[in-house]
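**Q** The structure's right below; bear with me while I get my questions together.
The values are calculated or read from the model by the stated rules, or taken from the named source; none is laboratory data. Everything numeric here is computed off the predicted structure, so don't read it as measured data. Cβ: placed from backbone, ideal geometry, glycine included. Neighbour counts: every protein chain shown. In case anyone asks, the SASA skips ligands and DNA or RNA and just uses the protein heavy atoms, side chains included. Shrake-Rupley method; radii C 1.70, N 1.55, O 1.52, S 1.80 Å.
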Amino acid sequence: MAVLVTRPDTRGEQLTEALNKAGVAALHMPLFRISAGRELNELPNKLTQLKAGDFVFAVSPNAVEFAAETLRNTGFRWRQDLTYFAVGQSSAEYFCEQSEQAVHYPYAHENSEGLLALPQMRQLTGKTVLILRGNGGRELFPAQAAIRGAQVEIVECYQRVPVEYDPIEQTNLCQRSGINTIIATSGDILTRLTDFVPAGERDWLTQCRLVTSSWRVTKSAERAGWQKRQILIAPKADNATLVKMLAELAEK
């Protein structure tokens, strides 16, 4: 087995290193780089304007990282009278570490649907929900929060910027490296991957095993040409879970 890691920046590098240490050959080819968001300077004021008991939701560790750095640099602290949420365990743990506040997340389903199913999200009338996220992203949570009565505020904390490669050269490199498994844990990564690989190599791409972390990305992959038998869904998107899953698969 040889795995293509598409996760950006440091977390992608760490995943690649961990896979190689576990005996699973891995190549890192990030399809995006992460840079500071265009609205970070608005964050301190947005936090100040929240009422006690309002909600702050961080979409990912990247959102937490850039938000926390901004607050440190401007002398602000995470308020103790707000309620904090994240979409998954790894994001929640990192948010908790950076904010020194309790952070809630959906244990059973680490996605927007799971977040919306939390008891705190049932009735949001009178609440302001501040969402810390990247450029783009899913609109399900903000749309549903608004329907449930919340005033929704969004701060773009980071940007996904496509990394420019020569598609033919990089695809050939993957093939020469024996890549037969690809990790694509978000819809944005999957879309970029399918747009990136030359049309003449589409059969090679869709014959690779694809590792996703949600049914939503899986359905998108099926529409892009993957067969169900070629898609594996990791129970979580964190690096430790992916390494354990792929190391066990490599031993079979």
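**Q** Which members of the stretch 88-105 meet the condition of being at pLDDT below 95 and buried (at least 19 other Cβ atoms within 10 Å of the Cβ)? I'd like the intermediate steps shown before the answer.
**A** If we filter the stretch 88-105 for residues that are at pLDDT below 95, which is where we start, we get 88-91.
Matches in the stretch 88-105: Gly88, Ser90, Ser91.
**Q** Report yes if Glu113 is surrounded by fewer than 20 Cβ atoms within 10 Å (Cβ to Cβ) and closer than 23 Å to Ser213 by Cα, otherwise no.
**A** yes
**Q** Would you confirm whether or not the stretch 40-48 contains a residue that is part of a helix (DSSP H, G or I), open to solvent by 70 Å² or more (accessible area, probe 1.4 Å), modelled with pLDDT of 95 or more and β-branched (Val, Ile, Thr)?
**A** The first filter runs over the stretch 40-48 and keeps only residues part of a helix (DSSP H, G or I), leaving 40-48.
If we keep only those that are open to solvent by 70 Å² or more (accessible area, probe 1.4 Å) too, we end up with 41-42, 45, 48.
Still in the list and also modelled with pLDDT of 95 or more: 41-42, 45, 48.
After this cut, where a residue has to be β-branched (Val, Ile, Thr) as well, the list is 48.
Yes, the conditions are met somewhere in the stretch 40-48.
**Q** Hey, Tyr158 hits all of (1) farther than 24 Å from Arg38 by Cα; (2) open to solvent by less than 60 Å² (accessible area, probe 1.4 Å); (3) out of contact with any Leu (no Cβ under 7 Å at 6 or more places or on another chain); (4) of a type outside the set (A, V, I, L, M, F, W, C) but one; which does it fall short on?
**A** (1)
**Q** Give the residues of the stretch 223-236 that are surrounded by fewer than 19 Cβ atoms within 10 Å (Cβ to Cβ), within 26 Å of Asp166 (Cα to Cα) and within 22 Å of the chain's Cα centre (by Cα), sorted by residue number.
**A** Hits for the stretch 223-236 are Arg223, Ala224.
**Q** Here are the criteria: (1) buried (at least 16 other Cβ atoms within 10 Å of the Cβ); (2) assigned to a loop (DSSP other than H, G, I, E, B). Tell me which single one Gly178 does not satisfy.
**A** Condition (1) is where Gly178 drops out.
**Q** State all residues of the stretch 1-31 that are under 20 Å from the mean Cα position of the chain (by Cα) and of a type in the set (D, E, K, R); if no residue qualifies, say none.
**A** If the condition is that a residue be under 20 Å from the mean Cα position of the chain (by Cα) and of a type in the set (D, E, K, R), then Arg7, Asp9, Arg11, Glu13, Glu17 are the ones that fit.
**Q** If a residue has to be among the hydroxyl-bearing types (Ser, Thr, Tyr), modelled with pLDDT under 95 and farther than 20 Å from Asn20 by Cα to count, how many in the stretch 170-190 make the cut? Before you say what the answer is, go through the steps one by one.
**A** To start, the set of residues in the stretch 170-190 that are among the hydroxyl-bearing types (Ser, Thr, Tyr) comprises 171, 177, 181, 185-186.
Those still in the list that are modelled with pLDDT under 95 too: 185-186.
Cutting the leftovers down to farther than 20 Å from Asn20 by Cα gives us 186.
The number of residues fulfilling the criteria is 1.
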